[in-house]
1. Can you find a residue in the range 67-85 that is part of a helix (DSSP H, G or I) and either surrounded by 17 or more Cβ atoms within 10 Å (Cβ to Cβ) or aliphatic (A, V, I, L, M) (or both)?
2. Against the condition outside the structural domain of Trp106 (by TED's automatic domain parsing), in contact with a helix residue (DSSP H, G or I) (Cβ under 6 Å, 6 or more places away or on another chain), modelled with pLDDT of 95 or more and β-branched (Val, Ile, Thr), how does Val231 come out, does it pass?
3. Return the residue satisfying two criteria in turn: it lies in the range 400-419 and is at negative phi and surrounded by fewer than 17 Cβ atoms within 10 Å (Cβ to Cβ), and of such residues it is nearest to the chain's Cα centre (by Cα).
4. Among the helices (runs of 4 or more DSSP H) contained in the range 94-167, which hold 3 or more residues that are out of contact with any strand residue (DSSP E or B) (no Cβ under 6 Å at 6 or more places or on another chain) and within 22 Å of Ser66 (Cβ to Cβ)?
5. Any residue in the range 365-392 that is under 25 Å from Glu301 (Cα atoms) sitting within a Cβ distance under 8 Å of a residue that is surrounded by fewer than 23 Cβ atoms within 10 Å (Cβ to Cβ) and β-branched (Val, Ile, Thr)? List the pairs, counting only those 6 or more apart or interchain.
6. Taking Ala341, is it small (Gly, Ala, Ser) and under 19 Å from Arg245 (Cβ atoms)?
7. Where in the range 284-397 are the helices (runs of 4 or more DSSP H), entirely inside, with at least 3 residues that are of a type in the set (A, V, I, L, M) and surrounded by 17 or more Cβ atoms within 10 Å (Cβ to Cβ)?
8. In the range 116-123, is there at least one residue being surrounded by fewer than 18 Cβ atoms within 10 Å (Cβ to Cβ) and either more than 20 Å from the chain's Cα centre (by Cα) or in contact (Cβ under 8 Å) with a residue 24 or more places away in the chain (or both)?
Amino acid sequence: MSGTFRRLMVDQRWRCLNCGSCCRDTEVPITGEEARKIESQDWQAEPELAGRKLIVHRGGLLLRRSHALARRPDGACVFLTRDNLCRIHAAHGERAKPLACRLYPWFFVPVAGEIRLGVRFHCPAVARNEGNQEFEGQLRALCREVAPRGAAEPPAPLLKRGERLPWPDALQLLRAFEQIGLDESLPITRRLLKLASFCDLLEEAKTAKLRGERFAELVELLSGYAGKEKVGTRELSSFAKLHCRQLVSIYARKEGVSAEQRRVVGRVRSLMAGVRFARGVGEIPRLQPILPEADFEDIEEPFEPLGRDASEPLARYYAIKLGSCQYFGRAYYNWPILDGARALLLTFPVTLWVARWFAVGGGRRGLSREDVIHALMVVDHNYGYHPLLGAGREVRRVRVLATKGEIGHLAAWYAGGSL
């Protein structure tokens, strides 16, 4: 791999706010070498770390060995101070921190001889676009650690089930997806509806024997035609609402990290919350403390159309996701391009559902920019990382919703008809 570094195609700013959100409720994987280095630093001399487990070791014998930073009972990293600072950084400098910590909130995706840059909106500064853009030099250095020259090229991706797409043809398609995501002449809802239509047309097309110029011609033809059909804002079917709520119940979780959530009682609560999301009546289970009190019925009432100010974080989010190629292949549970693109599209109604949750908690029937930002922070925490989202049933969910034409209707309905 040449390691060519591809910059973001949108204006994305960032600076560390020392909020500590990245050091809570997230397991940090580390290498064996990083584990040995940390364990040799005499942390037991620190009063607050004396007697504590610092590294979690798993596997061995027949299972692959893995390591992670240990957690306190509340789910926070054992090295996080009361001032939301990193003890490793303070004592030994930034370079001493594990690579996973130094990378956050950035990630790198190898794509056909180049490295695509992405960023996680779980970080508050990213979601709000706060800070500066003076980080390219640091990112290039990190990129060389993640994908050194000579590293193996990623395999060509699947377009759909059983149909692998050579990288030159895949790049033609990915450019078309990205151009739709960056098209500022269209509101963000319309861009995503066009992308959903494009995926449907590609699914129906007999593409197996089309390669090279013929495939490029098909991509140009279908991308030009996509989005021409009318998508109304009719009342959603109970089937579509059910699947959207079930997705919300996964994306809005923070589980499996704190001691309470690892106990049987925590797992039972999670199961019961899933049952209540399936029913969709009464009070919504608060899956994490930042989510307000609200009823399911309040979310489904008509809302004001999505405004321009509230749309900005969404437009930036989807442009970055499409440009970084985080939605298929190794970057997304080894899913084919079309399945991954549709799963990404489904995060739009899910994010707006969560944004409505925040709005209702604040007594509003319209979405503010802050509602959307908080919702993106919640949803992007799990996007591409939660094991349930990569399960076989989620592939089936995406395909069923696409077959029934519900993905576009979900997007249009929860955007309040802002087409």
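1. Checking the range 67-85: not a single residue is part of a helix (DSSP H, G or I) and either surrounded by 17 or more Cβ atoms within 10 Å (Cβ to Cβ) or aliphatic (A, V, I, L, M) (or both).
2. No.
3. The extreme case among them is Val400.
4. 99-103
5. Every condition considered, the pairs that remain are His374/Ile290; Val378/Ile290.
6. Judged against the criteria, Ala341 is not a match.
7. Of the helices (runs of 4 or more DSSP H) lying wholly inside the range 284-397, those with at least 3 residues that are of a type in the set (A, V, I, L, M) and surrounded by 17 or more Cβ atoms within 10 Å (Cβ to Cβ) span 308-324, 337-361, 369-382.
8. no
The values are calculated or read from the model by the stated rules, or taken from the named source; none is laboratory data. In this text the structure is predicted, and so the values were computed from the model without any measurement. Virtual Cβ from ideal backbone geometry, glycine too; neighbours counted across all protein chains shown.
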